[in-house]
Amino acid sequence: MSSASSALSQYTLSQPTLDFLARSHGHFIGGKWLHGNAGGVIDIHDPATGLKIAHCAAGGAAEIDAAVKAARAALEGPWSKFTAAQRSAVLWKISDLVLANFQQLCELEILDNGLPTPLAQYVCGMVVPEFFRYYAGWPTKIEGATIPAAPQGKLPGEAISFTLREPIGVVGAITPWNSPLPMVMLKIAPALATGCTLVLKPAELTPLTAMRLAEICQEAGVPDGVINIVNGHGETAGAALAAHPGVDKIAFTGSTEVGRLIVKAAAGNLKKVTLELGGKSPVVVFPDADLAQVIPGAARACFFLQGQNCMAGTRLFVHDKVHDQVVEGIAAVARAMKMGPGLDPSSEFGPLISVQQRDRVAGFVEAGRKEGAEVVCGGHSPSRPGYFFEPTVLAHTTNDMTPVKNEIFGPVLCVQRFGDGDLDAVARAANSTIYGLSGSVWTRDLGVAMQMVRKIDSGQVSVNMHAAIDPAMPFGGNKQSGWGREFGKEGLEPYLKTKGVSMTW
Ligand code: NAD
């Protein structure tokens, strides 16, 4: 028995999952799996045990170059002949095939990332299929406009001016590990809807479902070369993709730090760039809020995906009057969460992605402790296999503390309190971060809610809920949380270019 199959023997997995894991994974280029691994081999680990479960080739500049050439050939060849209605049909079919492969996708996503089963089921059974269906509706509705222009003094009737919306071209997509399949879906669906082609470099820690989705797209009728996957590390494959002169646009999701490197690398041929970056989102609780909603809602806002979530509500601002009740309530929810491997259906809280991530989170908690924060619950890594870390609440924090200033990307909630006073002071505290991705306000007073919605400087604000995501709702970051928007109609724009046409006769 190989080490990978013995690592899997503790689980009951479907045969398609076992078969997929046992394969030798390469790069998906021009519709074929190629096995160049000049960059070595990447071992893929189950974060719930730390054991190796599969491996894939690590590509570099040569594989990226081959993939970009395949994407260019498909853009100018078969894909350009697809009608808008045919692209819609393909997107709809992908949604059907995601549902048909539900079990396998759930299992692969959990083994790769560690998320709990109910969440994986929601992702693979609802989020991903609905997102592809939403974008299936768009190809036939991408329209230019007729413009009442008078080019070169032509009078009405002597000329016509209009705009064409065209695919931006070859898209380079780079995705993170925290929610692997949805991150890839967010790049593939708008690219297909607009008629672009794509070279994707998934996170090296979690490449499994990206590879499987590429096969599903092929099965759904996406021509060879339209979607290409190059596995590899960020500094090699990712950097080569960001710098490649044959790429027209980079769609990047990841850390703010790497986002800055992407901008520099893209400058060579002035690629268009969209960036979905880090966050440190506020959750603001007013004293009139319904605490029966607030307590589970704020706990979920922070601890969802073990806090490895860009939208996570990690800075909690609570009014003095309800502070103790809210903090104790959230700590009670945290203590009661059942920690365990995602593949155990009773687990509510899975592992972190890696030993490095777990140690990083522990370091932030320790820094907070030293700086005077009170650890109300959690704060430790339990002694068990895998990369687990307890959901943690830090009270009495201030904006200058290390865990408050930095995106921890782990299950650590930092609590601050506020008293009676003007809303501007509360908003200033909530906005005192370099990030501006998400945020939420909890109150029954719609006047207060609406004022706070306007004052919070982030791309998304929810009221009496947190991180309200929907395929139709634009999502993205202000400040150093990013450039541009994904989701909804706005999510198509970065994949399109506009050509102004004037014609006389
Ligand atoms: P990361 O920035 O380390 O890596 C993201 C991707 O970039 C990976 O595929 C990685 O291989 C690649 N990469 C790394 N260095 C590179 C380089 N020099 N050139 C090109 N590519 C490179 O991020 P991560 O740790 O994988 O993910 C966590 C981060 O992602 C967090 O900051 C989180 O907030 C952010 N995120 C943002 C959103 C959003 O929608 N705003 C969503 C999910 C995650």
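The values are calculated or read from the model by the stated rules, or taken from the named source; none is laboratory data. Just so it is clear, the model here is predicted, and its values are computed rather than measured. Glycine gets a Cβ as well: all are built from the backbone with ideal geometry, and neighbour counts include every protein chain shown. Side chains are part of the model used for accessible areas, which takes the heavy atoms of the whole protein and leaves out ligands, DNA and RNA. Shrake-Rupley method; radii C 1.70, N 1.55, O 1.52, S 1.80 Å.
Assorted remarks:
- Residue within segment 145-164 that is within 16 Å of the ligand (Cβ to nearest atom) and either farther than 28 Å from residue 241 by Cα or without any contact (Cβ under 8 Å) to a residue 40 or more places away in the chain (or both) present: no
- Just one residue in the set 286, 304 is surrounded by fewer than 24 Cβ atoms within 10 Å (Cβ to Cβ), away from the ligand (no atom under 12 Å from the Cβ), farther than 27 Å from residue 193 by Cα and within 22 Å of the chain's Cα centre (by Cα); that residue is 304.
- Among the residues making up segment 289-301, those that are more than 16 Å from the ligand (Cβ to nearest atom) and either open to solvent by 20 Å² or more (accessible area, probe 1.4 Å) or part of a helix (DSSP H, G or I) (or both) are 290, 291, 292, 293, 294, 295, 296, 297, 298, 299, 300.
- Scope segment 239-257; condition surrounded by fewer than 20 Cβ atoms within 10 Å (Cβ to Cβ) and either within 11 Å of the ligand (Cβ to nearest atom) or in contact (Cβ under 8 Å) with a residue 40 or more places away in the chain (or both); matching residues: 246, 255, 256, 257
- Look at (1) crowded, with 20+ Cβ neighbours inside 10 Å; (2) under 20 Å from the mean Cα position of the chain (by Cα); (3) outside any loop (DSSP other than H, G, I, E, B) and you find that residue 236 fails only one, number (2).
- Residue identified as crowded, with 23+ Cβ neighbours inside 10 Å, outside any strand (DSSP E or B), at negative phi and within 16 Å of the ligand (Cβ to nearest atom) among 171, 127, 184: 184
- Count of segment 347-368 residues, restricted to those that are β-branched (Val, Ile, Thr) and open to solvent by 20 Å² or more (accessible area, probe 1.4 Å), is 1.
- Filtered by the rule that a residue be within 15 Å of the ligand (Cβ to nearest atom) and either open to solvent by 10 Å² or more (accessible area, probe 1.4 Å) or not in a helix (DSSP H, G or I) (or both), segment 187-227 gives 198, 199, 200, 201, 202, 203, 204, 205, 206, 207.
- Listing of strands (runs of 3 or more DSSP E) fully contained in segment 18-115 that carry 1 or more residues being surrounded by fewer than 19 Cβ atoms within 10 Å (Cβ to Cβ): 32-34, 41-45, 52-57
- Condition met for residue 279 (near the ligand (Cβ under 10 Å from one of its atoms), assigned to a loop (DSSP other than H, G, I, E, B) and open to solvent by less than 10 Å² (accessible area, probe 1.4 Å)): yes
- Sole residue being acidic (Asp, Glu), out of contact with any Lys or Arg (no Cβ under 8 Å at 6 or more places or on another chain) and part of a loop (DSSP other than H, G, I, E, B), chosen from 359, 344: 344
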